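First the structure, in the form of structure tokens, and then the observations on it.
The values are calculated or read from the model by the stated rules, or taken from the named source; none is laboratory data. Bear in mind the structure is a predicted one, so any value in this text is a computation, not a measurement. With ideal geometry, Cβ positions are generated from the backbone for all residues, glycine too; neighbour counts draw on all protein chains shown. These accessible areas exclude ligands, DNA and RNA; they are computed on the full protein's heavy atoms, side chains included. Shrake-Rupley method; radii C 1.70, N 1.55, O 1.52, S 1.80 Å.
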Amino acid sequence: MTIMEPRKHGDASDGMIGGRQSRFEGSLKVTGAATYALEYPAENLAHAILVQATIPAGKVVSVDKAAALAAPGVLMILTPEDDFGMTVATDWGGNRPDNQPYYPLPRDVKYNGEPIVAVVAESREQAFEAAKLICIRYEAAPHVASIADPKAGEGQVMDNLTTKWGDAEAAFAAAPVKIEGEYRTPREYHVAMEPHGLTAKWDGNELTIWEPSQWSHGMARTYSEWFNIPYEDVRLISPFIGGGFGSKGGALAHGAVAAFASRKLGRPIRLALTRPQNFTNYGGRAATYQSIKLGATEDGILQSIIHRGASETSTYATWPEQTGAATPILYKVENFSSQHRVVPVNSVTPGALRGPGKNPSSFGIESAMEELAYKLNMDPLDIRLKNYNDFDRQSNKPWSTRRLREALTEGAEAFGWSKRSHAPRSMREGKTLIGWGIGCGTFPVIQAPSEAMIRILGNGRVEVVSGAIDMGQGTYTILAQTAADVFGIPVDQVEVHLGDSRLPGAAIAGGSMLAGSILGAVHKAATAARDELIGLALSDAKSPLRDTGANTLAFAGGRITPPRGEGPSLTLPELMAALGREQLETTRNTLPDGASAEEQRQAWTTMAKVQGPTMGEFSMHSWCAHFAEVRVDEDFGTVRVSRMVSAFDCGRLYNPRLVESQWRGGIIMGIGQALLEEGLVDLRNGRTVNGNAGDYLVPTNSDIPDIQTISVGVPDYNASALGGKGVGEVGIVGVAASIANAVYHATGKRVRDLPITLEKLI
Ligand code: MCN
Ligand code: MOS
């Protein structure tokens, strides 16, 4: 078992891959020196705000803007009347309709809160004041408020999410032990600290956008397509992001409005969404429900899983929150059937939120497995080990690495699981009921091509340059560590430049795919740069290393030497000086050799070349097992999570300190999901009732217990060039189930719909 103990501060190896280097850009953030998108100084700046529809469906009949236009400071008002002259851009799937006009402020209202008017003024306050004077007339149409609306219906089956093997119905009918349950998760939101927004500025036909982004290249492409300008003429700058959690992967209507207004006025425009607009203008996690039937033998061997799930989507686009994403791979079962439906409702299209699909999916299957365990009077740990899945029956491929057994056993040992007493309500301290539960999680390994440049400067500093994004997860730091490792130099001799679409292309900071993807490119470029330097050092007449007879050189401890230590030893700046080089620049990417410029462009700006977990020979995933302890007040039904132990297999860890922080962050979000978070919709008008940071509850420090994390992973070189698997999302997956299971153990009450609030327990 490897429990991560912080190494003593200042250990030189902390800066290498696998070291515990603290956040590279940390001091910039805590001293306020890091500039965020809405803080970039721009001369002659004007401000735009959005006015939102107050009906859930229908048409804008008229916008009376005369009074608002006359208000102080107002420069322009945009309405559905305006011809934006924009065209629809390529979607996530890489598809683009031909010449379809795009109206960021549409006449047809599809959800309550949809932006339909924009006011541009000298100041933000003037824009808000003027907006109050606008009078909008609508023609309302019937609406479906949410998945809970009786009018919502059953929705449509997604054929590509239907999975089947064996005969699940017959096996279930024949199974001696059965359970059946329906599990629900509500709408949930990202609530990133930094709200969405941007500063847009045109210079002639060139557009610069400062906007928080998880994908600088993909978003630059969208802006260029909206305005039909060359990709090179858009520059999206996003070096620091105050959290994204899936919400900042694509350009949105407010970005289109700001960029359009800027072009039309010939002035830079700033548009910041209000906090409530951060709940309406882009999608959070869709509400879901799913029914699960498990059939088993008397001794707890699974015979059948039947899964039927559904999630909300909007009326204008399909986003499935895949309730069956984890169900087919967690346990060994010979008879399986799963189906997922999407139910269109009048809401903004839902989107990715940390661990999309896997998250609600694991809440379902992991709750159901413990229901089965209690029905069989079996230990929840034993039933999981007994049904351990030996290969991926869905893809019919072997696992690349799967140390979930180790996660379960080592997690259980660290938690003290063996001291558990099985019966519900059997552990207590006075009026406090204590319960323990387990929840397993998984997230796929996704890979995307990436490119990076290494620049060695005459003064010996090494720059790593990439358009990749660091939204807090640690990209700056692990890129610096990779270069430091390859050149054998202290990490503070490295500089990292990120977050600009003009820099080399990279995978999206999403789907937990960036670290593994971009490190492959950085490592390749750094190794190539080092090889080039070795070549020069051994062949250049001016090099003191030329006559050593060595055929390679070693880079370690900040010095460059012949491998057996014979002959001179130089530092990087000394060697660069001897060679008379001001700089040495090397760019490499992970595409097959000879990829054309267009193929390269496709690779960084669309999802066309993204590789899923089973596209190769293996089935590749990260895995985890969470052990939760809850304390429930017997009289009041209040639940507190008092302890969490979580064991993970994420392959090799590039930086354990950052990884533990990622895992904890996911677990904390999972605790919020289990106990607090719930987007409430008013069925009468489809409005998000608690769409603000005061009423939509997320956990605070005082809600969070001691969290112990354990790594049981081993390097997986199928998953990535340097052996790591994805880390950013798996931490949240399975947490809610572990808490629901612990609450059942404490109270004897099974809560199948999140969040677990006190009224469900008393
Ligand atoms: N890491 C590592 N070893 C590995 C894999 C990762 O050390 N084998 C560490 C690195 O510090 C890396 C980080 O974990 O920077 C995340 O790596 P990865 O799992 O590849 O995820 P991405 O870089 O693609 O980041 C996206 C991911 C997602 S999809 C969401 S959602 C999420 C998350 O990261 N949103 C976050 N973590 C977040 N963390 C912060 N602070 N803010 C967000 O919005
Ligand atoms: Mo993460 S939800 O894939 O950005």
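General remarks:
- Restricting attention to region 146-166, the residues being open to solvent by 80 Å² or more (accessible area, probe 1.4 Å) and in contact with an Asp or Glu (Cβ under 9 Å, 6 or more places away or on another chain) number 0.
- Flag for PRO380 being open to solvent by less than 10 Å² (accessible area, probe 1.4 Å), within 16 Å of ligand 2 (Cβ to nearest atom) and farther than 18 Å from PRO613 by Cβ: no
- Reported count of residues in region 463-485, each being of a type in the set (Val, Ile, Thr), open to solvent by less than 10 Å² (accessible area, probe 1.4 Å) and near ligand 1 (Cβ under 7 Å from one of its atoms), is 2.
- Residue that is in contact with a Pro (Cβ under 7 Å, 6 or more places away or on another chain), under 26 Å from SER314 (Cα atoms) and more than 16 Å from ligand 2 (Cβ to nearest atom), where the choices are GLY651, GLY672, GLY612, GLY679: GLY679
- Subset of region 486-515 [assigned to a strand (DSSP E or B) and within 13 Å of ligand 1 (Cβ to nearest atom)]: VAL496
- For region 383-409, a residue qualifies if it is in contact (Cβ under 8 Å) with a residue 60 or more places away in the chain and open to solvent by 40 Å² or more (accessible area, probe 1.4 Å), and the qualifying residues are LYS386, PHE391, GLN394, LYS397, PRO398, ARG403, GLU406.
- Qualifying residue in region 106-124 (condition: within 28 Å of the chain's Cα centre (by Cα) and part of a strand (DSSP E or B)): yes
- Restricting the first member to region 21-39 and to residues that are in contact (Cβ under 8 Å) with a residue 24 or more places away in the chain and under 21 Å from THR482 (Cβ atoms), and the second to residues that are β-branched (Val, Ile, Thr) and not in a helix (DSSP H, G or I), the beta-carbon pairs closer than 8 Å and six or more apart or on different chains are PHE24/VAL496.
- Of all residues in region 184-204, none that is free of Cβ contacts under 8 Å to residues at least 12 places away in the same chain has its Cβ atom under 9 Å from the Cβ atom of a residue that is open to solvent by 10 Å² or more (accessible area, probe 1.4 Å) and aromatic (Phe, Trp, Tyr), 6 or more apart or on another chain.
- GLU211 vs. criteria at pLDDT 95 or above, more than 16 Å from ligand 2 (Cβ to nearest atom) and not hydroxyl-bearing (Ser, Thr, Tyr): no
- Identity of the residue in region 545-564, assigned to a loop (DSSP other than H, G, I, E, B) and aliphatic (A, V, I, L, M), that ends up nearest to VAL486 (Cα to Cα): LEU553
- Where strands (runs of 3 or more DSSP E) fall wholly inside region 568-660, no range has 1 or more residues that are of a type in the set (A, V, I, L, M), closer than 24 Å to GLN473 by Cβ and not assigned by TED's automatic domain parsing to the domain that holds MET427.
- Evaluation of ALA525 against (1) part of a loop (DSSP other than H, G, I, E, B); (2) open to solvent by less than 40 Å² (accessible area, probe 1.4 Å) (one fails), failing number: (1)
- Residue that is surrounded by the most Cβ atoms within 10 Å (Cβ to Cβ) [pool: residues in region 510-522 that are of a type outside the set (S, T, N, Q) and closer than 16 Å to GLY472 by Cβ]: ILE518
- Boolean, PRO715 is open to solvent by 60 Å² or more (accessible area, probe 1.4 Å) and within 15 Å of ligand 1 (Cβ to nearest atom): yes
- Here the condition is being under 30 Å from LYS375 (Cα atoms) and at pLDDT 95 or above; of THR313, THR274, THR288, THR280, it holds for THR288 alone.
- Qualifying positions in region 275-293 - open to solvent by less than 30 Å² (accessible area, probe 1.4 Å) and either over 30 Å from TYR331 (Cβ atoms) or of a type in the set (A, V, I, L, M, F, W, C) (or both): GLN277, ASN278, PHE279, THR280, ASN281, TYR282, GLY283, ALA286, ALA287, ILE292
- Hey, THR571 more than 26 Å from GLU451 (Cβ to Cβ) and among the β-branched types (Val, Ile, Thr) or not: yes
- Taking the criterion of being within 16 Å of ligand 1 (Cβ to nearest atom), of a type in the set (Gly, Ala, Ser) and surrounded by fewer than 24 Cβ atoms within 10 Å (Cβ to Cβ), the residues of region 721-762 that qualify are ALA721, GLY723.
- Checked against (1) farther than 19 Å from ALA175 by Cβ; (2) touching a strand residue (DSSP E or B) at 6+ places or on another chain (Cβ under 6 Å), GLY351 meets all criteria but (2).
- Qualifying positions in region 123-139 - surrounded by 15 or more Cβ atoms within 10 Å (Cβ to Cβ) and not charged (D, E, K, R): GLN126, ALA127, PHE128, ALA130, ALA131, LEU133, ILE134, ILE136, TYR138
- Screening ASP635 with (1) within 16 Å of ligand 1 (Cβ to nearest atom); (2) in contact (Cβ under 8 Å) with a residue 60 or more places away in the chain; (3) open to solvent by 20 Å² or more (accessible area, probe 1.4 Å) gives one miss only, at (1).
- Checking each residue in region 528-544 for being open to solvent by 10 Å² or more (accessible area, probe 1.4 Å), touching a Leu at 6+ places or on another chain (Cβ under 8 Å) and outside any loop (DSSP other than H, G, I, E, B) picks out GLU532, ILE534, LEU536, LEU538.
- Hey, ALA595 over 29 Å from LEU503 (Cβ atoms) and surrounded by 12 or more Cβ atoms within 10 Å (Cβ to Cβ) or not: no
- The set of residues in region 167-197 that are farther than 21 Å from GLU321 by Cα, assigned to a loop (DSSP other than H, G, I, E, B), open to solvent by less than 50 Å² (accessible area, probe 1.4 Å) and not hydrophobic (A, V, I, L, M, F, W, C) comprises GLU194, PRO195, HIS196.
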